[in-house]
1. Using Cα pairs closer than 8 Å and at least 6 residues apart in sequence, work out the relative contact order for region B:57-213, in percent.
2. Among B:LYS221, B:LYS278, what is the fewest-to-most ranking by other Cβ atoms within 10 Å?
3. When a footprinting reagent is the concern and you count Cβ atoms within 10 Å, what order do B:ARG25, A:ARG112, B:ARG241, B:ARG257 take, fewest first?
4. Please tell me the relative contact order of chain B in percent, rounded to the nearest whole number, where contacts are Cα pairs under 8 Å and at least six residues apart.
5. What is the ratio of the Cα radius of gyration of region B:196-327 to 2.2 N^0.38 Å, with N the residue count, to two decimals?
6. B:LYS221: which lysines have alpha carbons under 22 Å from its alpha carbon, excluding same-chain residues fewer than 8 sequence positions away?
7. Can you pull the three principal axis extents for the Cα set of chain B, in Å, largest first?
8. Give me the Debye-computed log₁₀ of I(q)/I(0) at q = 0.24 Å⁻¹ for region A:99-154, equal point scatterers on Cα only, no solvent, two decimals.
Amino acid sequence: MITVRPHAPTASHVPGLARRHATDRAMTVLLAVAVLVTIAVLAWVLVYVAAQGLKYLGPGFFTSTPPGNPATVGGGYANGIIGSLIIVGIATVISVPIGIAAAVAVTEYGGRLAAVTGFLTDVLVGVPTIVIGAFIWVIWVDRFGFSALAASAALAIVMLPLVIRASAEMLRLVPDVLREASAALGVTRARTIISVVLPTALSGLITGVMLAVARAMGETAPVLLTTLNDQFVQVNPAKPMTTLSLQIFTDAITGFRAAQARAWAGALTLIGIVLIFAIGARLVSRRASSIT
Amino acid sequence: MASRSSSSGAGAVQPAGIRLHGTRRLGDRVFRGGVSAAAALVVILLAAIAVFLIGQGWPALRHYGVFSFLASDRWAPSDATAASTHPNPYGILQFIYGTALTSVIGMLIALPVAVAAGLFITQYAPAWLRRPLSYLVDLLAAVPSVVYGFWGIFALIPALHPVVNFLIPTLGGIPGIGVVFAGPFFGVSYFAAGVVLAIMVLPIVTAICREVFATAPADEKEAALALGMTRWEMIRLAVLRRSRSGIIGAAILGLGRAIGETIAVTMVIGNSVLSITKSIFGQGATLSSVIANEFTEAVEPYHFQSLFVVAAWLLVIAVVVNIAGRFVTRQTRGGLV
């Protein structure tokens, strides 16, 4: 080793080593570039929407409704924001209890129904949301007309498999010793699930629900087929009620600059709402993981 | 059940504990019945979706014939009359073509980036950077479809113009396949839809790839490094080789997601429904975009019912692709995602 000079080419000892190191370095750079490009695209989308949205966004945007003529400057999306919250709220109330109950059936009881449901939940996740909107049109809108409730039903079906899948994953993480300890105390299966298993998994369940809510907030296609773009604030769920996403879609494709300005502000608002739920979900799950 | 517990309650000798046990068993059964009903609802829902879509499309299917929709690539509602049954004015081949083409363009762009990003995050990034990087990539999935479409029209398409204007003379001159890259390019196109889809499926495919790569056993990776391999050689041998089916599964699941995407695609594809446009820089439509575009204004005979035929085919294709993806990924990962 003493005879080796500092600048001796080590490559001469191992054939092809220089080429192998060059390949290694090139691949490292290439993979890093892929991550950087991905993050750059994210930044491009967020910064562009923020820049366009902030041109118009102001306090009045949250408190006023759009003008009757889309070409007119001014107005806001108060009706869409209220509509989104009500419609997604109802969808959450419908889908969460059913979803968690189905997850309990899948993870706690097992059997053939559980296996079939587990598989079909994955299938339902893959059903295009516009197809779900068309389905609700047939069974609901065709008879009772367009309404916020119909949109809620469609979004509930969009959320249901997401809630089941996330909940089932969380219930599987609950250690079996807790169930066994409860059973050893003579507690029934149902009581064990309600008082021991579900509370233990609570923060995980909340995370799953929040992610499903974030997803439903952004959905446009099922809403397009089940409710109408109403211009006024509507709080009666039996009536058609617009959503933020539907307003953005309609105004974005009008060709009127004033409408597009409102749509950009709406897009920024929508991203803001979705990110609050997505980041909130992350914080809930992090707090939970630091406790257990 | 109820009669048995009341009869046991009539015998006064029985201690209270036993009776309590009986009602508790009843509560247990009710609870189990309830959660089973919720689970059964998923099964019923899926069946109902299929039945009602086909049911609504049935008049059109009966009028024109079940397979006549697949025999034409011309969707011309204004040609339709209540009486004539041939030729079917509601051909849907161009929509199937559009759905397949945009999804494949999306996956061709997204898959290499997703695999590379997944490898970097799991194998190269220092431990403290893994979570933030994963989280940033996941955030791409939080941006709503309608925002991607809006951004696509005003930010992405102007940026694509110089790229495509370079590609058209470069690739368009190749004999045989040149027609696929022919101009003119007006912005809204299959290609623009494909690029938007690539961005939308990227976080999903990356997340699955990350999970697949993370399961590579540490001892094999360490053994490879101990033999003097470079990091990239170790990855090829100990990580990529065993991840092949996982990557294929991720690609299929991404494809399934791209097939069902509606609003963003509707906004940037141009919605040309009259025939198959051969060039990827031309305008077209997909199964989902034609439903979103024409649903509220379908007034011609059998127009509305034919949209449900489109929806039924979309359902079939999406479900088949998703099931295929699940099966491939389940083999490698025990069905976690």
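No lab work stands behind these numbers, since they all come straight from the coordinates. From a predicted model like this one, the values you see are computed outputs, not experimental measurements. Heads up, the Cβs are rebuilt from the backbone with ideal geometry, glycines too, and the neighbour counts pull from every protein chain shown.
1. That works out to 32 percent.
2. On the way: B:LYS221 18, B:LYS278 12.
Ordered by Cβ neighbours within 10 Å, fewest first: B:LYS278, B:LYS221.
3. Details: B:ARG25 16, A:ARG112 7, B:ARG241 11, B:ARG257 25.
With the fewest neighbours first, B:ARG25, A:ARG112, B:ARG241, B:ARG257 line up as A:ARG112, B:ARG241, B:ARG25, B:ARG257.
4. Numbers: 465 pairs, mean separation 86.4, N = 337.
That works out to 26 percent.
5. Details: Rg = 20.9 Å, N = 132, 2.2 N^0.38 = 14.1 Å.
My calculation over the Cα atoms of region B:196-327 gives 1.49.
6. Reachable lysines: none.
7. 96, 76, 32
8. -0.87
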